[in-house]
Amino acid sequence: MSSIDDDSIDDGKVEKEEGKQRNGVLVSTLGSYHRFLTGLGSGSAFAVAPMYVAEISQAHNRGKFGSAMGVLITLGIIYPFSIGPHLSIPIYSITCAIPLLIFLFVFTIFMPESPYYLVVQGKFDEADAALRKLRQPGSDIRLELAEIREGVEQEKQNSAGVKELFTSASGRKALYISFGLVALQQFAGINPLMAFMKTIYEAAGSTIPANTCTIITGSVQVLSNTACIFMVERMGRKKLLLISCIFCFLSMTVLGVYFCLKQKGFDVQPVFWLPILCLIIYMLVFSFGLGPLPWTVMGEIFPSNIKGVASAMSSTISFLSACLITFIFPVLSEILGMAGSFWLFAFFCFIGYFFVYFVLFETKGKSLAQIQKILQRENN
């Protein structure tokens, strides 16, 4: 009798274990679908949003509206650090879904289609109506609509389509400007710093709690991105990117020196605040230059007939670069040490300065049609 009971108990344990394994497989599968769908959605948003914002804006405010995207990105980044730890996973997921539902409702009802897209499709009356909805009441949109039509007609004369990106000098230049900026954005080290910020603060030996430091640096990002909205049309994209590269280079260099001295056994406790200061400066200057402006330039620099494909390609390069640099950061830290990793980021910022200085031209105050004319003129 006891042997039968023992067999029943063993069978029950086996069933429980099998149930746990099935649940584990289910959770893992759902997690994979979640990551796939989230990546697909965010990747599409990064490709389409800058393009749409650039096409509905005017020359004098396009940089301002394009930079506003950076504010929303940083708010999304700081949210899980500040609120996430205090919520359960289901409640946190719901709170993340609510803004998306509000956006879908508001955008679907109130926002018109891009006038550029409508002109490309030959829907001139709808393009006229979209511009009137986007501009202040009583604005004369005839000149703007005529300029859009002229620019689109010139672009349609080139029947190469997507091949234009690779066969024409202006297409190639637009492509490597956009690719270069989004790659520089990632190789400057922003994603590893955000992903491993708590680890970095703990390794630095800071007496301030790591979570507090993370929230502080995230708040600095939000404020700096907000400042960019007001500076970009005054100072221009190129100047802000150059300033951003210089100070990101300096902050990463000094941070590397701190970890080098700490590794060699020097007493760095008197300057325990230095890593925090370096990361705050980095986040400050990154967030008004290298953070939002590559997306702004990406939305401006491609002709409308191939902008969708080119923006998707640029977004892909950005996410591939982010994935690469985030995954290899722990390996680099083991091989080069923390100091070597930060000096590598500093090196990319240094190279990026010269890339921006010699390759990028200023797009401030220029219409999308004028930008295309500059690209064609510079390569003739």
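The values are calculated or read from the model by the stated rules, or taken from the named source; none is laboratory data. It should be emphasised that the depicted structure is a prediction, and the values quoted were computed from it without experimental measurement. So basically every Cβ, Gly included, is an ideal-geometry build from the backbone, and we count neighbours across all protein chains shown. Quick note on the areas: whole protein, heavy atoms, side chains included, nothing else; ligands and nucleic acids left out. Shrake-Rupley method; radii C 1.70, N 1.55, O 1.52, S 1.80 Å.
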Quick one: which residue in ALA68, ALA47 is among the small types (Gly, Ala, Ser), under 16 Å from the mean Cα position of the chain (by Cα) and surrounded by 20 or more Cβ atoms within 10 Å (Cβ to Cβ)?
ALA47
So is PHE259 over 19 Å from TYR176 (Cα atoms), open to solvent by 10 Å² or more (accessible area, probe 1.4 Å) and assigned to a loop (DSSP other than H, G, I, E, B) or not?
no
Would you confirm, using the coordinates I've provided, whether PHE350 is farther than 30 Å from ARG172 by Cβ, aromatic (Phe, Trp, Tyr) and either free of Cβ contacts under 8 Å to residues at least 60 places away in the same chain or not in a loop (DSSP other than H, G, I, E, B) (or both)?
no
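How about segment 65-178: which helices (runs of 4 or more DSSP H) wholly inside it have at least 1 residues that are touching a strand residue (DSSP E or B) at 6+ places or on another chain (Cβ under 6 Å)?
Filter on segment 65-178 gives an empty set.
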Mind checking whether some residue in segment 158-165 is open to solvent by 60 Å² or more (accessible area, probe 1.4 Å) and among the hydrophobic types (A, V, I, L, M, F, W, C)?
yes
Could you list, ordered by first residue, the pairs with Cβ atoms under 7 Å in which the first is in segment 330-346 and more than 17 Å from CYS248 (Cβ to Cβ) and the second is polar (S, T, N, Q) and part of a helix (DSSP H, G or I), at least 6 apart or interchain?
LEU332/SER341; SER333/SER341; GLY337/GLN263
Can you tell me which of (1) touching a Phe, Trp or Tyr at 6+ places or on another chain (Cβ under 9 Å); (2) modelled with pLDDT of 85 or more is the one ASN61 doesn't meet?
(1)
Of the criteria (1) open to solvent by 70 Å² or more (accessible area, probe 1.4 Å); (2) within 28 Å of GLY171 (Cβ to Cβ), which one ILE335 fails:
(2)
When LEU240 is run through (1) open to solvent by 60 Å² or more (accessible area, probe 1.4 Å); (2) among the aliphatic types (A, V, I, L, M); (3) closer than 17 Å to CYS349 by Cβ, the failure sits at (1)
Condition test on LYS20, is it surrounded by 10 or more Cβ atoms within 10 Å (Cβ to Cβ), modelled with pLDDT of 80 or more, part of a helix (DSSP H, G or I) and among the basic types (Lys, Arg)?
no
So for segment 319-341 (the condition being under 20 Å from the mean Cα position of the chain (by Cα) and not in a helix (DSSP H, G or I)), does at least one residue qualify?
no
Among the candidates LEU165, LEU118, LEU134, LEU143, which residue alone is over 25 Å from ALA49 (Cβ atoms) and hydrophobic (A, V, I, L, M, F, W, C)?
LEU143
Expected output for segment 94-123 (first residue of a type in the set (Val, Ile, Thr), partner modelled with pLDDT of 90 or more, Cβ below 7 Å, 6+ apart or cross-chain) is VAL119/ALA127
Kindly provide the set of residues from segment 212-226 that are at pLDDT 75 or above and out of contact with any Pro (no Cβ under 9 Å at 6 or more places or on another chain), ordered by number.
ILE215, ILE216, THR217, GLY218, SER219, VAL220, GLN221, VAL222, LEU223, SER224, THR226
Filtering segment 181-211 down to residues that are among the small types (Gly, Ala, Ser) and open to solvent by 20 Å² or more (accessible area, probe 1.4 Å), which residue is modelled with the highest pLDDT?
ALA183
Kindly indicate whether any position in segment 271-290 is part of a helix (DSSP H, G or I), closer than 22 Å to ASN61 by Cα, in contact (Cβ under 8 Å) with a residue 60 or more places away in the chain and among the aromatic types (Phe, Trp, Tyr).
yes
